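Step one of this worksheet: look at the structure below.
The values are calculated or read from the model by the stated rules, or taken from the named source; none is laboratory data. Source: prediction; values computed, not measured. Here the Cβ is made from the backbone with ideal geometry for all residues, glycine too, and neighbour counts use every protein chain on show. Accessible surface is based on the protein model in full, side chains and every heavy atom, while ligands, DNA and RNA are left aside. Shrake-Rupley method; radii C 1.70, N 1.55, O 1.52, S 1.80 Å.
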Amino acid sequence: MVRTAAMEAREFLESVRGDGGTYRIESWPQMIPVRRAQRVDDVVASLRVEQRNSVGFLDPVEDALYVTVGLRGLGFPASFHLGRETVPALPPAGFYAWVECDGEVVSTSLPVKETYLEVHRA
């Protein structure tokens with residue numbers, strides 16, 4: 001199941017990539033309601049292995065897009081978040097993307113809720 005979700009995540013990522021680092025997302029894949037037996041952290045790790053094998057290492061935005069779609073395909077209520085640094089070390093402020101599942105950050109160990117102001121959620 002992880003391999004199928006990873007393939008769908010890769011296809012989604014490739015379909016929304018635009019020119020010059022832009023993305024055009026007209027609709028997000030919906031969560032597929034299935035019975036989940038695995039912990040979300042284990043599934044994220046498995047998705048990352050598939051990611052590295054199929055598309056390599058991704059920047060934070062693409063990684064968050066990929067993980068969000070992969071988790072949704074496996075029945076997890078994942079949401080994509082984009083945030084702006086609240087106190088940048090050097091102007092201008094940077095942006096960072098992460099994934100949450102049931103209100104918990106699952107895609108990074110960075111303290112994103114404390115250091116970034118959420119500007120978009122999907």
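What do you reckon, is Ser15 over 13 Å from the mean Cα position of the chain (by Cα), at pLDDT 90 or above and among the hydroxyl-bearing types (Ser, Thr, Tyr)?
yes
Can you confirm whether the range 78-86 contains a residue that is open to solvent by 20 Å² or more (accessible area, probe 1.4 Å), farther than 17 Å from Glu8 by Cα and of a type in the set (Ser, Thr, Tyr)?
Yes; the residues of the range 78-86 include at least one that is open to solvent by 20 Å² or more (accessible area, probe 1.4 Å), farther than 17 Å from Glu8 by Cα and of a type in the set (Ser, Thr, Tyr).
Picking from Ser79, Ser54, which residue would you name as being at pLDDT 95 or above and touching a Lys or Arg at 6+ places or on another chain (Cβ under 7 Å)?
Ser79
When the range 47-77 is examined, which residues are found to be open to solvent by 40 Å² or more (accessible area, probe 1.4 Å) and among the small types (Gly, Ala, Ser)?
Ser54
Can you pull out the residues in the range 63-118 that are aromatic (Phe, Trp, Tyr) and farther than 15 Å from Ala45 by Cα?
Selection gives Phe80, Phe95, Tyr96, Tyr116.
Looking for something free of Cβ contacts under 8 Å to residues at least 40 places away in the same chain and not aliphatic (A, V, I, L, M) - is there at least one such residue anywhere in the range 25-33?
Yes, the range 25-33 contains at least one residue that is free of Cβ contacts under 8 Å to residues at least 40 places away in the same chain and not aliphatic (A, V, I, L, M).
Here's a check for you: in the range 90-114, which residue that is open to solvent by less than 100 Å² (accessible area, probe 1.4 Å) and more than 17 Å from the chain's Cα centre (by Cα) is nearest to Val69 (Cα to Cα)?
Looking at the filtered set, the residue picked out is Gly94.
Taking the range 2-31 as the search range and keeping residues that are farther than 13 Å from Val67 by Cα and among the hydrophobic types (A, V, I, L, M, F, W, C), which one is most open to solvent (accessible area, probe 1.4 Å)?
The extreme case among them is Ile25.
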